[in-house]
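The values are calculated or read from the model by the stated rules, or taken from the named source; none is laboratory data. Here the structure is a predicted model, which means the values were calculated and not measured. Note that we place each Cβ from the backbone using ideal geometry, even for glycine, and neighbour counts take in every protein chain shown. Remember, those area values only see protein heavy atoms, side chains included, never the ligands or the DNA or RNA. Shrake-Rupley method; radii C 1.70, N 1.55, O 1.52, S 1.80 Å.
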Amino acid sequence: MTEPILELQVRDADEMHALGIRLAKEFRAGDLVILIGPLGAGKTTLTRGIGEGLRAIGNVSSPTFVIARTHKREDSSVPMVHVDAYRLGSADELDDLDIDYANSIVLVEWGKGMLDGVSDDWLEIEIARESFVNDETSGDEDDETREVCITGYGERWKAVTF
């Protein structure tokens, strides 16, 4: 079993965005990142931070209806591809998008189990959202705290630390 590279708590959307900026510093062409978590966990917020860190051009938003959005980057020929596989029914439908994995940085929301065989190396970022009740508000509001677990698979991620 592969050990996580990093496990941490993220308190709010600003911290999730900042984590994305931090992670982006390690990404390069050929990197495949799978984002796992329930609706509202912060996958797109994290991706926005990664986009900012990679200096992606254009608004990084959930590509739910267009499925995939390619962002050119300032000062780099390596694009960032943001995929939302939520509406896809199979790995074949994802394959039909004809993404250039080798020459892009690819982030896939809802991609777990759909990318087998695409690469020997990938990064999984799992975001768990709990319904923590804040005692000070008498249960009126849920805490925004998330548990983030980042696990690397393959040789590419063995020496990476975030």
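Between residue 18 and residue 57, the modelled labels are 3.0 nm apart [label points 7 Å from Cα along Cα→Cβ]. With the helix formula -39500 (n - 2.57) applied to DSSP H stretches of n ≥ 4, the chain reaches a computed 222 nm mean residue ellipticity of -5000 deg cm²/dmol.
Whole-Hz Karplus values for the stretch 46-52 come out as 4, 5, 4, x, 4, x, 5 Hz, taken residue by residue from phi with 6.51 cos²θ - 1.76 cosθ + 1.60 and θ = phi - 60°; glycine and proline positions read x. Figure legend: label point modelled 7 angstrom from the Cα of residue 73 along Cα→Cβ; residues of the stretch 30-45 with amide N under 12 Å from it are 30-32. For the chain, a Gaussian network of Cα nodes joined below 10 Å ranks 147, 52, 126 by mean-square fluctuation, and the top entry is 147.
Placing +1 on the Cβ of every Lys and Arg and -1 on the Cβ of every Asp and Glu, with nothing else charged, gives the stretch 39-119 a dipole about its Cα centre of roughly 400 debye. Distance distribution P(r), the stretch 52-115, all Cα-Cα pairs, bin width 10 angstrom from 0: 22, 54, 22, 1 percent.
If you place +1 on the Cβ of every Lys and Arg and -1 on the Cβ of every Asp and Glu, how big does the dipole about the Cα centre of the chain come out, in debye to the nearest 20? Each step should come with its number before you reach the end.
Values: 16 positive and 33 negative charges, 143 e Å.
The calculated dipole for the chain is roughly 680 debye.
Taking 7 Å steps out from each Cα toward its Cβ at residue 91 and residue 9 produces label points 3.7 nm apart.
For the stretch 66-78, 3J(HN,Hα) computed residue by residue from phi via the Karplus equation (6.51, -1.76, 1.60; θ = phi - 60°) reads 8, 6, 9, 10, 9, 10, 5, 10, 5, 6, 8, 8, 8 Hz, glycine and proline entered as x. For residue 62, the accessible surface of its heavy atoms amounts to roughly 50 Å² (probe 1.4 Å, protein chains only, rounded to the nearest 10). For residue 66 and residue 147, the difference between the fully extended length at 0.36 nm per residue and the C-alpha to C-alpha distance is 26.3 nm. Does the stretch 1-71 classify as rounded, prolate or oblate by the C-alpha gyration tensor (a ≥ b ≥ c root eigenvalues; a/c under 1.5 gives rounded; else a/b over b/c gives prolate, otherwise oblate)? Verdict is rounded for the stretch 1-71.
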